[in-house]
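Chemist: My questions will all concern the structure given below.
Each value in this text was obtained by applying a stated rule to the coordinates, not by laboratory testing. Here the structure is a predicted model, which is why all the values come from computation and not from measurement. Cβ placement follows ideal geometry from the backbone for every residue including glycine, while neighbour counts extend to all protein chains displayed.
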Amino acid sequence: MDILGEILKQVLEGAAQGQPQPRQPQAQPRQAPQAPSHPPQGMPSPNDLGEIFKQIFGGADAQKLPEVVKQFEEKGYRDQVDSWVRTGPNKPIERRQIEDVFGNRELGEIAKSKGIDPNDLAEVLAKYIPRIIDELTPSGQVQRRR
């Protein structure tokens, strides 16, 4: 099951409409909206974004979510990542903080593989990682995925 792909579709659809995507109650099945056909200027394509997030989170089932959360905590961003995991509003994170967590080398390699600027990649990650982690943790806890 492509959990991350479905979440990414929802996040991108919300971005295309300019609306935040609130958590949906677990009792209701999620609908898979269509990703926007033209990404905003400076943003990787939806397909590239999907591949980038699958690389970061460990595949379609987000196997590396606990490790990603731990990376943010170890770099001193526990308040931000806790707000993404728990229910309630998500605290923002800045491009420079993303660079701190993932490192310029890793971001540079990912950006180069997709033909995008590393600074643009860091901006995109800062925008979407909080929302993706929020959606990957609907119960307010990080759970190991199978």
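Chemist: Hey, what do the phi angles of the range 83-93 turn into as Karplus ³J(HN,Hα) couplings, whole Hz, using 6.51/-1.76/1.60 and θ = phi - 60°, x for Gly and Pro?
Modeler: Result, rounded to whole Hz: 5, 6, 6, 5, 6, x, x, 8, 6, x, 9.
Chemist: If you don't mind, another one. If you keep only loop residues by DSSP, which chymotrypsin sites (Phe, Trp or Tyr not before Pro) in the range 67-146 have at most 10 other Cβ atoms within 10 Å of their Cβ? Display every interim value, and only then the final one.
Modeler: Details: sites: PHE72, TYR77, TRP84, PHE102, TYR128; in loops: TYR77.
Here no loop site has a sparse enough neighbourhood.
Chemist: Can you sort GLU67, GLU99 so the residue with the fewest Cβ neighbours within 10 Å comes first?
Modeler: On the way: GLU67 12, GLU99 19.
So the ranking, lowest neighbour count to highest, is GLU67, GLU99.
Chemist: A further question on this structure: Quick one: LYS112, LYS54, fewest Cβ neighbours within 10 Å first, how do they rank? The partial results should precede the final answer.
Modeler: Working: LYS112 12, LYS54 19.
Result, fewest neighbours first: LYS112, LYS54.
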